[in-house]
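Chemist: Sharing a structure with you now.
The values are calculated or read from the model by the stated rules, or taken from the named source; none is laboratory data. Small disclaimer: the values here were computed from a predicted structure and weren't measured. Cβ sites come from the backbone with ideal geometry, for glycine too, and all protein chains shown count toward neighbours. The accessibility values were calculated without ligands, DNA or RNA, using every heavy atom of the protein model including side chains. Shrake-Rupley method; radii C 1.70, N 1.55, O 1.52, S 1.80 Å.
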Amino acid sequence: MLFSRISRIRRAGSNGCRWFLSQKPHLQFLSPPAYSYSSTHKVTGFREIFSWGLPALHGFRHNIHHQSSSIVEEQNDPFSLVADELSIVANRLRSMVVTEVPKLASAAEYFFKMGVEGKRFRPTVLLLMATAMNISILEPSLRGPGDALTKELRARQQRIAEITEMIHVASLLHDDVLDDADTRRGIGSLNFVMGNKLAVLAGDFLLSRACVALASLKNTEVVSLLAKVVEHLVTGETMQMTTTCEQRCSMEYYMQKTYYKTASLISNSCKAIALLGGQTAEVAMLAYEYGKNLGLAYQLMDDILDFTGTSASLGKGSLSDIRHGIITAPILFAMEEFPQLREVVDRGFDDPANVDLALDYLGKSRGIQRARELAKKHANIAAEAIDSLPESNDEDDQVTDKSGAPPIKAHYSNVELQCDLLLSGIIFQF
């Protein structure tokens, strides 16, 4: 099969799972172009210099697919691989937030309406992880799409994707209240449109519905994992709100906060997918490590885009973190090169002149590049976790069910390749 050929070529000619994350010169991970900086750049000039944000990512991703087309003969978008299931998940999410109170119903469904669902990064990660996990445990006779056992397992794993997205959206509603944000996903934030009180209640409502869905799985280990995620979200947000001067300037503190606020949800949900699929504790931990490091890489890139993206591409205001006094990896790395930047950080960013000054230092530093390199490091660690997953057998590629439909295995030749597509593709799409 097509993916089988890719897999054999990849294993023969590249380093394990780093198909798209290779450090070969023509496949460098988000390698930034060389720039010359002056010390007089203000916000506008700085943003022009670093305007190679999302468009460049999409262009880079397109070039990768173009370069590899002689091997794969077609383009494989990780989002399109689960497009039908994403639609099912989206419809279920809308049905799960229905309530008899009209105002609450409008608030709860605000970010689940068609057109404002967001990137759906987390459900995509989890649905693809489910496919990868299920390949190695299902017998050929159980792989047919009409098989009841297969469908039941997939439905339970889809429920994890729904729960995860509901928890994520609830955290966005609460975060926007805390940050006094006025935009989200390219439209007015819920707190801006309906007020803080209703936004908080809508977030609480989504968490309660997520809890009900979680309980329906009747798996205490999975319930414990996702409950811990909610604790981590609260912990991370509190860490961000109550930092001392020393903590704000600590990379270790920043990474711990990033795990709590972003990576914990992805990592523990990936682990839940593996546990529901009957995988061993070792495989479940590898799924966790994959999700953790993918989540860290994702957030690092998102923090970079706060400086390099535009409001239109981000769906919210750019430079929002620094204007709220939130110090992220690019500034932390710039501070190592220019210790005098610490004085600017300590003064805070209520004065726009301090924002301009911090951007001047960032523009002269390697802060953006080093943050990208750190994202690459975590993406490679995620790839190593996938490298360690058990492979399925190529001989099963030709097996079909009684209806003649190709089994899962025919579409995704092995666990590693499936998650290669996931890791490489999604990193370039947010």
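Chemist: Could you check region 228-308 for helices (runs of 4 or more DSSP H) lying wholly inside it with 1 or more residues that are open to solvent by 40 Å² or more (accessible area, probe 1.4 Å) and farther than 23 Å from K376 by Cβ?
Modeler: Values: elements: 245-248, 251-258, 264-276, 281-308.
It comes to 245-248, 281-308.
Chemist: Residue under question is S313, and the condition is that it be under 25 Å from E373 (Cβ atoms), at pLDDT below 95 and in a loop (DSSP other than H, G, I, E, B); does it hold? Give the derivation first.
Modeler: Values: under 25 Å from E373 (Cβ atoms): yes; at pLDDT below 95: yes; in a loop (DSSP other than H, G, I, E, B): no.
So S313 fails the test.
Chemist: Whether any residue in region 320-329 is modelled with pLDDT of 95 or more, part of a helix (DSSP H, G or I) and either among the β-branched types (V, I, T) or open to solvent by less than 20 Å² (accessible area, probe 1.4 Å) (or both) is what I want to check.
Modeler: Yes: region 320-329 contains one or more residues that are modelled with pLDDT of 95 or more, part of a helix (DSSP H, G or I) and either among the β-branched types (V, I, T) or open to solvent by less than 20 Å² (accessible area, probe 1.4 Å) (or both).
Chemist: Would you pick out the residues in region 92-129 that are surrounded by fewer than 18 Cβ atoms within 10 Å (Cβ to Cβ) and touching a His at 6+ places or on another chain (Cβ under 7 Å)?
Modeler: Once the filter is applied, which keeps residues that are surrounded by fewer than 18 Cβ atoms within 10 Å (Cβ to Cβ) and touching a His at 6+ places or on another chain (Cβ under 7 Å), region 92-129 yields nothing.
Chemist: Now for a different question. The conditions are (1) over 18 Å from the mean Cα position of the chain (by Cα); (2) surrounded by fewer than 22 Cβ atoms within 10 Å (Cβ to Cβ); (3) touching a residue at least 60 places away in the same chain (Cβ under 8 Å), and A202 fails exactly one of them. Which is it?
Modeler: Single failed check for A202: (2).
Chemist: Still on this structure, I have one more. Against the condition open to solvent by less than 40 Å² (accessible area, probe 1.4 Å), touching a helix residue (DSSP H, G or I) at 6+ places or on another chain (Cβ under 9 Å) and at pLDDT below 85, how does H41 come out, does it pass? So that I can check it myself, show each step before the final result.
Modeler: Details: open to solvent by less than 40 Å² (accessible area, probe 1.4 Å): no; touching a helix residue (DSSP H, G or I) at 6+ places or on another chain (Cβ under 9 Å): yes; at pLDDT below 85: yes.
For H41, the condition - open to solvent by less than 40 Å² (accessible area, probe 1.4 Å), touching a helix residue (DSSP H, G or I) at 6+ places or on another chain (Cβ under 9 Å) and at pLDDT below 85 - is not met.
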